[in-house]
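Participant: Got a structure for you, written out below as structure tokens; questions coming shortly.
The values are calculated or read from the model by the stated rules, or taken from the named source; none is laboratory data. Note that the coordinates shown come from a computational prediction; the quantities given were computed from them, not determined experimentally. Only protein heavy atoms, including side chains, enter the accessible area calculation; ligands, DNA and RNA are left aside. Shrake-Rupley method; radii C 1.70, N 1.55, O 1.52, S 1.80 Å.
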Amino acid sequence: MNKKLFVLSGSSGVGKGTVLKGFLEKNPNFMLSISCTTRHPRPGEVDGVNYFFITKEEFKNCIENNKFLEWAEFAGNFYGTKKKYINQCLAEGKDIILEIDTQGALQVKKQMPEAILIFICPPSYEALENRLRGRHTEDEATIQKRLQQVKIELERAEKFDYKIVNDNLDDAIKNLEEVIKGEMQKC
Ligand code: 5GP
């Protein structure tokens, strides 16, 4: 059976991680790709679970050795998806979800046009700003950088296959399930 690759993106602070977590708890047959990043772990984040936290030097080596399916610089840090994870998931017969930024999502679509891109939208720009500030994990300069990204990301979202508004968490999870179920029924 053909395995599917879903790519989930959204603006920082939109709560896409929470939506995805809710989806994965109900649908454990999906495998989440673990990305590499050069940013520092936030409190509670674990190496090899949330991300592989690597140095810029290591990241550069991976680029040079063509290890990434896609990679991007986001708010001063590097993030990338290793081809190895995608291949591992496929070998295990799992459907895959990548939670990556919009630049990476469009790179994946170029290489794998069958990939399904889903964008999680904030109910409004203000709601997004409040959410980003409310998590108290970034300093002001980082927040500003991330807000600048929002506009660019909303433009890129126009090229996505689906958009889901995260106004209410349960509804967003349900909508994500419906989108994914609908795609799984297509052959
Ligand atoms: P955060 O630092 O908040 O965990 O993630 C910042 C952004 O990087 C988010 O939009 C997240 O989806 C994105 N991201 C995480 N992993 C990857 C990846 O492997 N590739 C790309 N292109 N973006 C990623």
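Participant: Can you pull the accessible area of residue 49 for me, 1.4 Å probe, Å² to the nearest 10?
Facilitator: That residue has around 100 Å² of solvent-accessible surface.
Participant: Please give the calculated 222 nm ellipticity per residue for the chain, where each DSSP H segment of at least 4 residues contributes -39500 (n - 2.57) and the sum is spread over every residue; nearest 500 deg cm²/dmol? Show your work: numbers first, answer last.
Facilitator: Values: 7 runs with 83 residues, N = 187.
About -13500 deg cm²/dmol.
Participant: If you don't mind, there's one more thing I want to ask. Given the options 153, 177, 25, which has the most mean-square fluctuation in a GNM of the chain, springs set between C-alpha atoms less than 10 angstrom apart?
Facilitator: The residue with the greatest mean-square fluctuation here is 25.
Participant: When the accessible area of the chain is split by element with a 1.4 Å probe, what percent falls to carbon and sulfur? Don't skip to the end; give the middle numbers.
Facilitator: Details: 5130 of 10190 Å².
Taking all protein chains in place, the chain shows 50 percent carbon and sulfur surface.
Participant: Considering only DSSP beta bridges whose two residues both sit in the chain, what percent are antiparallel, to the nearest 5?
Facilitator: 30
Participant: Using amide H atoms built 1.01 Å from N in the peptide plane, name the residues 5+ places from residue 31, or on other chains, whose amide H lies under 5 Å from its own.
Facilitator: So residue 31 has HN proximity to 95, 96, 97.
Participant: Mind checking the per residue accessible area of region 24-159 for me, 1.4 Å probe, whole number of Å²?
Facilitator: The answer is 56 Å² per residue.
Participant: For the full complex of protein chains and a 1.4 angstrom probe, list 135, 156 by accessible area with the highest value first.
Facilitator: Highest to lowest solvent-accessible surface, that is 135, 156.
Participant: Given the whole protein assembly as supplied and a 1.4 Å probe, what does the accessible area of residue 184 come to in Å², nearest 10?
Facilitator: So the heavy atoms of residue 184 present about 70 Å² to solvent.
Participant: In region 69-118, how does Rg compare with the Kirkwood Rh, expressed as the Rg/Rh ratio over alpha carbon atoms? Intermediate values should be presented prior to the final figure.
Facilitator: Numbers: Rg = 11.2 Å, Rh = 11.5 Å.
For region 69-118, the value is 0.97.
Participant: Also, quick follow-up: When the chain is treated as a GNM, springs tying every alpha-carbon pair under 10 Å, which of 94, 110, 159 comes out with the largest mean-square fluctuation?
Facilitator: 110
Participant: Filter 3/181; 109/174; 56/82; 60/83; 4/60 down to the pairs with a C-alpha to C-alpha distance above 20 Å, please.
Facilitator: With Cα atoms farther than 20 Å apart: 109/174; 4/60.
Participant: How much accessible area does residue 95 have with a 1.4 Å probe, in Å² rounded to the nearest 10?
Facilitator: For residue 95, solvent-accessible area is about 10 Å².
Participant: Let me ask something else. When the chain is modelled as a GNM with alpha-carbon springs shorter than 10 Å, which of 172, 105, 141 fluctuates the most?
Facilitator: Comparing 172, 105, 141 in the GNM, the peak value goes to 141.
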